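What follows is one structure encoded as structure tokens, with my remarks underneath.
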Amino acid sequence: SLLNTNCPERLARCILFPLPRAMSPLWKVAKAFLDKDTASKIIVCFGGGNINSPIPSSVGKHLDQKLIDDMEEERKSLFVN
């Protein structure tokens with residue numbers, strides 16, 4: 001495709017979390033529109049998105065704990081009290 005020809009692939013890995021389980025059908029549809037190689041680099045970790053929801057355990061398989069803690073602190077700071 002034109003995009004693949006002119007833009008070299010730069011995505012190494014993308015981790016989406018927390019994504020509510022109810023979004024699973026939408027993800028399956030969106031994934032069908034992605035290049036197969038690109039789609040294989042996207043990791044979806046389903047879980048709750050509330051301020052007190054635990055981080056999906058599958059995230060720990062892909063990121064180290066320090067990074068997870070830093071990201072969680074930033075995520076919680078974005079909630080309006």
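Per-structure values
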| item | result |
| --- | --- |
| Sites GLU73 and MET23, calculated FRET efficiency, Cβ-Cβ separation with R0 22 Å, nearest 0.05 | 0.35 |
| Segment 10-81, accessible surface, carbon-and-sulfur percent (1.4 angstrom probe) | 58 |
| Cα pair distances in the chain, grouped into 5 Å bins until the bin that holds the longest one, percent each | 3, 12, 20, 21, 17, 14, 9, 4, 1, 0 |
| Potential extension, LEU16-LYS66 segment - 0.36 nm per residue separation minus Cα distance | 16.2 nm |
| Local electrostatic count at ARG13 - Lys and Arg +1, Asp and Glu -1, tallied over other residues with Cβ under 14 Å | 0 |
| Under 19 Å from LYS66, Cα to Cα: aspartates and glutamates that are on another chain or at least 8 residues apart | GLU74 |
| Qualifying GluC sites (Glu not before Pro) in segment 9-81, DSSP loop, other Cβ atoms within 10 Å at most 16 | GLU9 |
| Cα-based reach from LYS28 at 18 Å (exclusive), listing lysines while leaving out same-chain residues under 8 positions away | LYS36, LYS41 |
| DSSP-loop trypsin sites (Lys or Arg not before Pro) across segment 20-81, with at most 16 other Cβ within 10 angstrom | LYS41 |
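The values are calculated or read from the model by the stated rules, or taken from the named source; none is laboratory data. Every value quoted in this text rests on a predicted model; they were computed, and no experiment measured them. Virtual Cβ from ideal backbone geometry, glycine too; neighbours counted across all protein chains shown. Quick note on the areas: whole protein, heavy atoms, side chains included, nothing else; ligands and nucleic acids left out. Shrake-Rupley method; radii C 1.70, N 1.55, O 1.52, S 1.80 Å.
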